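In what follows, a structure is listed as structure tokens, so that the remarks can point back to it.
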Amino acid sequence: MSVNVFPTIARGRVRDNATSFTIPGHPVGYYAQGKLPNWSRMKKYVEYKKKVQLEALCHGLILPLKATKDRPVSIKVVSYFKTGVHCDPGNVLKGIVDALFYGGQGDKFTGGVFHWPLYDPVNPRAEVFVQELRN
């Protein structure tokens, strides 16, 4: 499998064969609505998804992303939290994938990895690396 960034997903900044961008602010994890919705948490999650989409567009990604069997997409997320009170880094990845694929459309051939939680009290953020692979 060769690695390349193809124009089907990106037309912006490329570093180490991957399109990357940073989402400033405290990372927010995926939110699934239950029987009794937590409106404040849902609002934070929806706002965070918009922030992810804006950063992705500003850095040249074409949204919504689409992954295919011949061109799967790999996403890596490194989350820097302000304190030890935070969501699971896996849920940050899930929320970012949800934002980039607009609610799971076209993400069947997407893989991802998240880093263990890191801490930066001055500059909390999520760093996102997106690669389109070719089979």
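Here is how the numbers come out for the structure above:
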{"quantity": "Segment 70-86, residues that are out of contact with any Leu (no Cβ under 9 Å at 6 or more places or on another chain) and either buried (at least 19 other Cβ atoms within 10 Å of the Cβ) or within 16 Å of Gln131 (Cβ to Cβ) (or both)", "calculated": "Asp70, His86"}
{"quantity": "Failed condition for Gly84, given (1) in a loop (DSSP other than H, G, I, E, B); (2) within 19 Å of Pro24 (Cβ to Cβ)", "calculated": "(2)"}
{"quantity": "Tabulated pairs, segment 110-135, first among the acidic types (Asp, Glu), second exposed (fewer than 15 other Cβ atoms within 10 Å of the Cβ) and in a strand (DSSP E or B), C-beta under 6 angstrom, 6+ apart or interchain", "calculated": "Glu127/Thr22"}
{"quantity": "Filter pass, Ala67 being touching a strand residue (DSSP E or B) at 6+ places or on another chain (Cβ under 6 Å), touching a residue at least 40 places away in the same chain (Cβ under 8 Å) and surrounded by 15 or more Cβ atoms within 10 Å (Cβ to Cβ)", "calculated": "yes"}
{"quantity": "In segment 1-43, residue farthest from the chain's Cα centre (by Cα) [restricted to those that are hydroxyl-bearing (Ser, Thr, Tyr) and modelled with pLDDT under 80]", "calculated": "Ser2"}
{"quantity": "Some residue of segment 114-129 being at pLDDT below 90, buried (at least 18 other Cβ atoms within 10 Å of the Cβ) and closer than 26 Å to Ile62 by Cβ", "calculated": "no"}
{"quantity": "The listed residue being over 20 Å from Lys51 (Cβ atoms) and not β-branched (Val, Ile, Thr), out of Leu118, Leu133", "calculated": "Leu133"}
{"quantity": "Test: residue in segment 54-71 that is out of contact with any Ser or Thr (no Cβ under 6 Å at 6 or more places or on another chain) and among the small types (Gly, Ala, Ser)", "calculated": "yes"}
{"quantity": "Criterion (of a type in the set (D, E, K, R), assigned to a helix (DSSP H, G or I) and under 20 Å from Phe21 (Cβ atoms)) met by exactly one of Lys76, Lys94", "calculated": "Lys94"}
{"quantity": "Considering residues of segment 27-53 that are touching a Cys at 6+ places or on another chain (Cβ under 9 Å) and under 25 Å from Val122 (Cβ atoms) only, the residue surrounded by the fewest Cβ atoms within 10 Å (Cβ to Cβ)", "calculated": "Gly29"}
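The values are calculated or read from the model by the stated rules, or taken from the named source; none is laboratory data. Predicted model, so just to flag it, every value in this text is computed and none were measured. Here Cβ is always computed from backbone atoms with ideal geometry, including for glycine, and neighbour counts include all displayed protein chains.
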